[in-house]
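Structure, as structure tokens:
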Amino acid sequence: MNNKIKLAVAGAVLSAASIANAGIVIPAGDWTLDVNGNVNAFANFTNSDKAKGAAFLGGVATGEDGTGEGSQVGINTGLLPAWLGFTGTTRQNDVDVSFTISFQPNVSDNFSHGDAKTPLNRQAFVTFGDKSWGTVKLGKDLGIFAGQAILNDMTLLGVGAGAGTSGAATTLGGIGTGYIYPAWKGQISYTTPNMNGFSATIAITNPNQGDFGNGFVANAASAATAANTGLTELYQDRFGIEAQGMYEWTGDVSGKVWVSGASYDVNQDAQAGTAAAEAVTTSANDDSYTATVYDIGAAINVGNLGLVGYYYNGDGVGTTLMGNLGVYNNASGSLKKRDSDGGYVQATYVIPTGTKLGVAYGVSNLDEASGETATALVEKNDRWTVGAYHPLTKHLNLVAEYNKVESEGHAAGQNMESDTFSLGAILFF
């Protein structure tokens, strides 16, 4: 994608409130209103191989549908949902002040009446600051840890993994096959001013309770379903902490490097009955742990060539979503953290027609906990992506993408594979 499209992507996702990145700018007294966003849609053709071995948790490869059919089609948005954002900016008393509110409608659904009424609401925040001392943000926005991983993923203009379900709000892109989803979180953050290319952000974030363990973790004596006894509900009693440091530079060889991390304290509420019954807590079996994760990445541009490398490593954070499958309950009430890591490499090149060609490989690994002998847990999700992104106009990109996704379980012979070919377009304004 060209530089204008790059700026549009960053503006649509983060609603960067600057005239250079603006959409439709409307002066309004002391305020300047920027209306920005995108509309995208893709026809997806997915072929899934018959799953091998016993079923397992955490795989992101698309499986066969309920009838055993391996070929599936659908019209969806891609990784980036359709977007409408409103950002207002002003300067008062030597302070830059802004607000952003956005919502994300769907472009397709599976209901016969064609109206599932499932828009997303990802942003509502205010910022204030000055280039001399930095910026404070309060409200809901993209998480800080892994934020750069998703913003530099070329499938942000396309589809990536997770396209097999028709009518879904978004696909997965590289989420779960190279990085953990940063998610959209309530936060209070401070970002330093730009200091010769270096900047840093630190924040307290809303714990987003339901993410950890998908709400419940089945113990060793039960199957991995919410209908069985011996469940553990996970909750958090402190804010999350997320931070990032980044250095950017310009020139013939331009780019940026970054590191970020996150920490969340998690407690268990052991249940004597079923998830549906919400049985009395068995406090004698309560336990707690701290989930931590860090990442490091770099994005380099040399002429028409772009390179991205990214790696993350976590303890108790699981895979795909923050905290998902991050711990194992050993049936004695003790939670054992699972280690996870992964990353992706990506290369893109703009040919003389302006078309950006790209190839990427990403992988996310999840280890068993100490003493665990799981037979129903994912070990690895990986993805190959080959894409072409052609700027038909400075605002409209035509996209063709091929994604091959494979999920492997810890037990011998557990495997799922899916191949998706996608054709569509994404318009930024």
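The values are calculated or read from the model by the stated rules, or taken from the named source; none is laboratory data. These numbers were taken from a predicted model, which means no experiment stands behind them. Virtual Cβ from ideal backbone geometry, glycine too; neighbours counted across all protein chains shown.
Kindly list the number of the only condition in (1) touching a helix residue (DSSP H, G or I) at 6+ places or on another chain (Cβ under 7 Å); (2) assigned to a strand (DSSP E or B) that fails for K185.
All conditions pass for K185, except number (1).
Within the range 280-298, count every residue that is modelled with pLDDT under 95 and not small (G, A, S). Lay out the reasoning, then the answer.
From the range 280-298, those modelled with pLDDT under 95 are 280-291; that's our starting set.
Checking the rest, the ones that are also not small (G, A, S) come to 280-282, 285-287, 289-290.
Number satisfying all stated conditions: 8.
Considering (1) at pLDDT below 90; (2) touching a strand residue (DSSP E or B) at 6+ places or on another chain (Cβ under 8 Å), say which one G173 fails and leave the rest.
(1)
I75 - would you say it is modelled with pLDDT under 95 and in a strand (DSSP E or B)?
On the way: modelled with pLDDT under 95: yes; in a strand (DSSP E or B): yes.
Criteria met by I75.
Residues in the range 138-191 that are hydroxyl-bearing (S, T, Y) and either under 14 Å from P81 (Cα atoms) or without any contact (Cβ under 8 Å) to a residue 40 or more places away in the chain (or both): how many? Talk me through it step by step, then tell me what you get.
Our first condition is that a residue be hydroxyl-bearing (S, T, Y); within the range 138-191, this holds for 155, 165-166, 170-171, 177, 179, 181, 189-191.
From the residues that got through so far, the ones that are either under 14 Å from P81 (Cα atoms) or without any contact (Cβ under 8 Å) to a residue 40 or more places away in the chain (or both) too are 155, 170-171.
Count: 3.
For the range 315-337, check the following and say yes or no: at least one residue is charged (D, E, K, R), modelled with pLDDT under 95 and in contact with an Asp or Glu (Cβ under 8 Å, 6 or more places away or on another chain).
yes
Within the range 144-158, does at least one residue satisfy the condition of being closer than 24 Å to Q72 by Cα, crowded, with 20+ Cβ neighbours inside 10 Å and among the small types (G, A, S)?
yes
So, E368, is that one in contact (Cβ under 8 Å) with a residue 24 or more places away in the chain, crowded, with 17+ Cβ neighbours inside 10 Å and not hydrophobic (A, V, I, L, M, F, W, C) or not? Break it down stepwise before answering.
Numbers: in contact (Cβ under 8 Å) with a residue 24 or more places away in the chain: yes; crowded, with 17+ Cβ neighbours inside 10 Å: no; not hydrophobic (A, V, I, L, M, F, W, C): yes.
No: the conditions fail for E368.
Does A411 satisfy being among the hydrophobic types (A, V, I, L, M, F, W, C), touching a residue at least 40 places away in the same chain (Cβ under 8 Å) and assigned to a strand (DSSP E or B)?
On the way: among the hydrophobic types (A, V, I, L, M, F, W, C): yes; touching a residue at least 40 places away in the same chain (Cβ under 8 Å): yes; assigned to a strand (DSSP E or B): no.
So A411 does not fit the description; no.
Could you check the range 309-359 and list, in sequence order, the residues that are of a type in the set (V, I, T), touching a helix residue (DSSP H, G or I) at 6+ places or on another chain (Cβ under 8 Å) and crowded, with 22+ Cβ neighbours inside 10 Å? So that I can check it myself, show each step before the final result.
Of the range 309-359, the ones of a type in the set (V, I, T) are 317, 319-320, 327, 345, 348, 350-351, 353, 355, 359.
Applying the additional criterion that residues be touching a helix residue (DSSP H, G or I) at 6+ places or on another chain (Cβ under 8 Å) yields 327, 348.
Across the range 309-359, the qualifying residue is only V327.
Do we find a residue being assigned to a strand (DSSP E or B), modelled with pLDDT of 75 or more, closer than 30 Å to P193 by Cβ and of a type in the set (D, E) anywhere in the range 227-243?
Step one: filter the range 227-243 for residues assigned to a strand (DSSP E or B), giving 231-235, 240-243.
If we keep only those that are modelled with pLDDT of 75 or more too, we end up with 240-243.
In the following step, the residues that additionally are closer than 30 Å to P193 by Cβ were identified as 240-243.
Restricting the remaining residues to those that are of a type in the set (D, E) gives 242.
There is at least one residue in the range 227-243 that is assigned to a strand (DSSP E or B), modelled with pLDDT of 75 or more, closer than 30 Å to P193 by Cβ and of a type in the set (D, E).
For the condition assigned to a strand (DSSP E or B) and within 17 Å of the chain's Cα centre (by Cα), what is the one hit in V345, V399, V359?
Working: V399 fails: within 17 Å of the chain's Cα centre (by Cα); V359 fails: within 17 Å of the chain's Cα centre (by Cα).
Step by step, each of V345, V399, V359 is checked, and only V345 is assigned to a strand (DSSP E or B) and within 17 Å of the chain's Cα centre (by Cα).
Do you know which residues across the range 132-143 are of a type in the set (D, E, K, R), closer than 17 Å to P207 by Cβ and surrounded by fewer than 24 Cβ atoms within 10 Å (Cβ to Cβ)?
Let us first name the residues in the range 132-143 that are of a type in the set (D, E, K, R), namely 137, 140-141.
Now narrow it down to the ones that are closer than 17 Å to P207 by Cβ: 140-141.
Passing the criteria: only K140.
For the condition closer than 25 Å to K140 by Cα and either at pLDDT 90 or above or in contact with a strand residue (DSSP E or B) (Cβ under 7 Å, 6 or more places away or on another chain) (or both), what is the one hit in A218, A224, A203, A270?
On the way: A218 fails: closer than 25 Å to K140 by Cα; A224 fails: closer than 25 Å to K140 by Cα; A270 fails: closer than 25 Å to K140 by Cα.
Being closer than 25 Å to K140 by Cα and either at pLDDT 90 or above or in contact with a strand residue (DSSP E or B) (Cβ under 7 Å, 6 or more places away or on another chain) (or both) holds for just one of A218, A224, A203, A270, which is A203.
Only one residue in T420, T375 is surrounded by 16 or more Cβ atoms within 10 Å (Cβ to Cβ), of a type in the set (V, I, T) and in contact (Cβ under 8 Å) with a residue 60 or more places away in the chain. Which one? Let's see the steps before the verdict.
Working: T375 fails: surrounded by 16 or more Cβ atoms within 10 Å (Cβ to Cβ).
Criteria check complete, one pass: T420.
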